[in-house]
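*Asks:* Let me give you the structure first, and then I'll get to my questions.
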Amino acid sequence: MVTDQRSKILGGLAGLAAGLSPMKSFTFLLALGVAALGAWVWFKQSGDPRPPFPRYGTVAVSYAGGFIIGRLFWKVVKTAAILAAIVLGGFALLNRAHVDTSKVRQEVEAGSSWLQEQASRAEDYLLHLLPSGGAAGVGVFAGARRKRNAGDETPKR
């Protein structure tokens, strides 16, 4: 029974990873190819002070990084929304049962302020990590875009 639960968990994680896979996107693969070309050109150059990484490679890496961030962002937002709904529903149920929830509210407020601070730090870090903000923004948009199945498309009129 333990192996059955373990296989279900691993199957769920594999499904999550498959849903996040950017390898089906042409633009992501193109960005990886351009970044690899930039890296190859950069490694082929010689000189004691190595010249900077080619700009087109930096833009391509930024796009690919933004694309992955966009893919992860929507999964995290959806999971957080579901968890928040469950927690708020539990609080409403406890409040309806006349249970004192003041300490819990204080802890939730402290936790949310900590989470906001950490998100701000992560944003600052990611903005410095991705040197080309425009390419990263386009990558985030492209990565967060909803995928359509071939059967879901409706004819345009």
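The values are calculated or read from the model by the stated rules, or taken from the named source; none is laboratory data. These figures come from a predicted structure and were not determined experimentally. Here Cβ is always computed from backbone atoms with ideal geometry, including for glycine, and neighbour counts include all displayed protein chains.
*Asks:* Here's a check for you: in the stretch 91-114, which residue that is under 27 Å from the mean Cα position of the chain (by Cα) and aliphatic (A, V, I, L, M) is farthest from Ala80 (Cα to Cα)?
*Replies:* Ala110
*Asks:* Then there is this: Working only within the stretch 63-101, note down all residues that are without any contact (Cβ under 8 Å) to a residue 12 or more places away in the chain and not aliphatic (A, V, I, L, M).
*Replies:* Lys78, Thr79, Gly89, Gly90, Asn95, Arg96, His98, Asp100, Thr101 - these are the residues of the stretch 63-101 that are without any contact (Cβ under 8 Å) to a residue 12 or more places away in the chain and not aliphatic (A, V, I, L, M).
*Asks:* Now for a separate question. Every residue in the stretch 78-101 that is modelled with pLDDT of 80 or more and exposed (fewer than 11 other Cβ atoms within 10 Å of the Cβ), please.
*Replies:* Listed by number, the residues that qualify are Lys78, Ala81, Ile82, Leu83, Ala84, Ala85, Ile86, Gly89, Leu93, Arg96, Ala97.
*Asks:* Between a first residue in the stretch 24-48 that is free of Cβ contacts under 8 Å to residues at least 60 places away in the same chain and a second residue that is in a helix (DSSP H, G or I) and of a type in the set (Val, Ile, Thr), which pairs have beta carbons less than 6 Å apart while being 6 or more apart in sequence or on different chains?
*Replies:* The qualifying pairs are Ala35/Val61.
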